[in-house]
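Everything below concerns the one structure shown next.
The values are calculated or read from the model by the stated rules, or taken from the named source; none is laboratory data. On a predicted model such as this, the values are computed, not experimentally measured, just so you know. Glycine gets a Cβ as well: all are built from the backbone with ideal geometry, and neighbour counts include every protein chain shown. Accessible surface is based on the protein model in full, side chains and every heavy atom, while ligands, DNA and RNA are left aside. Shrake-Rupley method; radii C 1.70, N 1.55, O 1.52, S 1.80 Å.
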Amino acid sequence: SAPPAKVEIKEVAAEVDFSKTPMLLVEDQLVIALDAEEMLRDIGVAELTTVATASDALRAIAAETPGMAVLDVNLGAGTSFVVADELARLSVPYVFATGYGDSVMIPETLRSIPVVRKPYTAEALKSALERASALPPNTR
């Protein structure tokens, strides 16, 4: 009999035209935000809004719904989960960025969201955003 067929499990990722995707970056540490902005520009992001707090993020989203977002989990005085909920309601793909140990803070309901670990690279960020954009809207 024939050997069992090999099943290849591949993470699904979508091709994203970052030059046409308005990006929201939520990061409270200036140096990390500047690095992340440079990486996002390196992968082709043309329109970028950077904010440091969840309330500023919600205001930015209300003013203009982004195409995608990168959310630092730990915003010093709080988390970005309220922002994640609003992005999910609007079916906007997003990824979490976390420092060491922060991923334990991510609620069970948001565990399917791609995570980039700090310090991250432009390639890791691009890959996570592509995976996020491939998720069905009801899981993001």
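Evaluate the charge dipole of the chain about its Cα centre and quote only its size in Debye, nearest 20, assuming +1 on the Cβ of each Lys and Arg and -1 on the Cβ of each Asp and Glu.
Charge dipole of the chain: 440 debye, to the nearest 20.
Taking H as built 1.01 Å from N, whose amide H comes closer than 5 Å to the amide H of residue 48, not counting residues under 5 places away?
Close amide H contacts, sequence-distant or interchain: 23.
Scan around residue 94 for amide H atoms under 5 Å from its own, H built in the peptide plane at 1.01 Å from N, and keep only partners 5 or more places away or cross-chain.
Those lying under 5 Å, H to H, from residue 94 are 69.
Give the accessible area for residue 113 in Å² (nearest 10); use a 1.4 Å probe, count only protein heavy atoms, and leave out ligands, DNA and RNA.
10 Å²
Please report the antiparallel percentage of DSSP beta bridges with both residues in the chain, rounded to the nearest 5.
Percentage antiparallel, nearest 5: 5.
If I ignore ligands, DNA and RNA and count only protein heavy atoms, how much of residue 85 is accessible to a 1.4 Å probe, in Å² to the nearest 10?
About 90 Å², ignoring ligands and nucleic acids.
Accessible area, 1.4 Å probe, largest first: how do 80, 112 sort?
Most to least solvent-accessible, the answer reads 112, 80.
Provide the per-residue ³J(HN,Hα) series for the stretch 58-73, in order, calculated from phi with Karplus coefficients 6.51, -1.76, 1.60 and θ = phi - 60°, each as a whole number of Hz, with x at glycine and proline positions.
The phi angles translate into 5, 5, 5, 5, 5, 6, 7, 5, x, x, 7, 8, 10, 10, 5, 5 Hz.
Explain nothing, just the number: relative contact order of the stretch 38-140, from Cα pairs under 8 Å at least 6 residues apart, as a whole percent.
28 percent
On a 1.4 Å probe surface of the protein chains, which of 42, 35 comes out largest in accessible area, and what is the full order?
42, 35
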